[in-house]
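Q: Before I ask anything, let me first share the structure, which is written out below as C-alpha cells.
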Amino acid sequence: MDDNKPLGSMERDFVIRNLNEAGSVFTIAPAPSSSAKNFFPIVVQPDAAAVGTGGVIFFAVSNASLSLFVNQTVKVQFYSNHLGLYFFAVLSPCSRGFSVQIPADIYRIQRKGSHLEHELEAVISFKSKGNRAISITGVSADGYNLSAAPSWIDVEPSIQQTALQCYEHLVPPERESKSLYMIPVCRYLVQRPETEAVEGVAKPLDILYVDERRIVFGCRNQQTSPLVLDAEYALSLTFKLGDEAFCRRSVSSGIKVNASYSSHSGGVCFICSYVNLKIEDARFIFDRFSGRKSA
C-alpha cells in the first residue's frame with residue numbers, strides 16, 4: 001500500500017513494547033483503498049486505548065462513525081517515542097468497543113518537503129521583554145489555494161457541514177459577502193491535525209489567506225501560539241514567482257492582530273491587517289491575487 005519501507009522486526013518489537021508501557025494518541029482514518037473518502041478521522045486518547053497480548057489494540061470508544069468501518073481496513077496513526085508511525089489493519093468489533101491487530105508492517109510517517117516549495121513564505125519579527133530579537137516563520141498551508149477566491153468547494157466533504165456551522169456561528173449574515181477569508185479559517189479550525197513525522201518539532205505558521213488588506217495565519221497548537229491579539233509585529237513576505245531561485249518578490253510591512261479564533265482540536269487562527277504597507281506593494285499583492293474577489 002505504500003512505497004515507504006516498513007520497520008525492521010526489532011524496531012517493531014520495541015514500538016509495541018513502548019505502546020504497551022507509555023501508550024499514545026491514536027488517529028483512525030480510512031485506508032487509501034477505501035471507498036469512504038468522506039470519513040472524518042477519529043482521535044482516540046491514551047486512556048481509551050490498550051495494547052493486549054499478541055499485539056491487539058483495544059479502543060474503548062462507542063463512536064457511530066467507527067462502526068461504519070467494522071471489518072474494513074483502516075489506517076492507524078500514532079507516536080512511539082515521539083516518532084510518527086502508522087499501519088493498516090482491519091477494524092473489528094469487540095466487547096470493549098473496537099480492536100485492531102498490529103500487523104507485521106509498521107511504517108514511518110515521512111517528513112514533508114522543504115519550505116522552499118511553498119509559493120509564499122513569511123517572517124514575523126518582534127522584540128521580547130529582554131529586548132531579544134525573535135523571528136517566527138510562516139509558509140503557505142498545504143491544500144490551501146492562496147491564488148483563488150476561497151470557496152466551499154475547497155473544503156473536504158467530510159468536514160464541510162461542520163465548517164459551515166462554524167462559519168455561521170462566527171460570521172454575521174450581513175458580513176458574509178465581505179468575509180470570504182473566514183472560509184479557510186473555519187476549515188482550519190475544524191480540521192483534525194495530522195500525525196507528524198516527529199512529535200513536538202516546532203513548525204512554521206500556516207498562511208491560510210492573503211490579499212492587499214489582510215493576511216491570515218494558522219497554528220495547530222494553541223499552547224505555543226506566538227501571536228497576541230492587538231499586538232503589532234514586523235512582517236516580511238517572499239512570493240515565489242517561478243522555479244528559479246531569483247524569481248522572488250519581497251514585501252515588507254507591519255501587521256496588527258485584529259482577531260483570533262480557536263478550536264477544541266487545538267488550532268488557532270489570527271486575522272492580521274497590514275500597517276504602513278507601501279502602495280506599490282499593495283498593488284503587487286492585489287495583482288498577484290487578482291483572480292479572487294476582493295473581501
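Q: So who's got an amide H within less than 5 Å of the one on L205, skipping anything under 5 residues away but keeping other chains? H placed 1.01 Å off N, in plane.
A: Answer set, sorted by chain and number: T137, G138, V139.
Q: Sticking with this structure for a sec: Estimate the FRET efficiency between V228 and H264 by the formula 1/(1 + (r/R0)^6), using the beta-carbon distance for r and 25 Å for R0, to the nearest 0.05.
A: E between V228 and H264, to the nearest 0.05, is 0.75.
Q: Name the most mobile residue of K127, K178, K278, meaning the one with the largest mean-square fluctuation, in a Gaussian network model of the chain with Cα contacts below 10 Å.
A: K127
Q: Checking the table K127/K256; K203/K256; K256/K278 against a 19 Å threshold on Cα-Cα, which pairs fail?
A: K203/K256
Q: Calculate, for the chain, the solvent-accessible area per residue in square angstrom, rolling a 1.4 angstrom probe over the heavy atoms of the protein chains.
A: With all protein chains present, the chain gives 54 Å² per residue.
Q: Treating the chain as a set of equal point scatterers at the Cα positions, no solvent, please give the Debye-formula log₁₀ I(q)/I(0) at q = 0.12, 0.13 Å⁻¹.
A: -0.88, -0.99
Q: Using Cα springs under 10 Å in a Gaussian network model of the chain, which residue among S92, S62, S263 shows the largest mean-square fluctuation?
A: Checking each option, the largest mean-square fluctuation is seen for S62.
Q: So for region 59-187, what are the equivalent ellipsoid semi-axes in whole Å, largest first, each being the square root of 5 times an eigenvalue of the Cα gyration tensor?
A: Sorted largest first and rounded, they come to 36, 26, 16 Å.
Q: Further question: Could you look at the chain and say what percent of its accessible area is carbon and sulfur, using a 1.4 Å probe and all protein chains?
A: Answer for the chain is 50 percent, counting heavy atoms of protein chains only.
Q: Which value in Å is the Kirkwood Rh of region 110-185 over different Cα pairs?
A: 15.4
Q: Unpartnered cysteines of the chain (Cβ-Cβ under 4.7 Å counts as a partner)?
A: C94, C219, C247, C269, C272
The values are calculated or read from the model by the stated rules, or taken from the named source; none is laboratory data. In this text, all values refer to a predicted model and were calculated from it rather than measured experimentally. No Cβ is skipped: glycine too gets one built from the backbone with ideal geometry, and neighbour counts run over all protein chains shown. The area values use the complete protein model at the heavy-atom level, side chains included, leaving out ligands, DNA and RNA. Shrake-Rupley method; radii C 1.70, N 1.55, O 1.52, S 1.80 Å.
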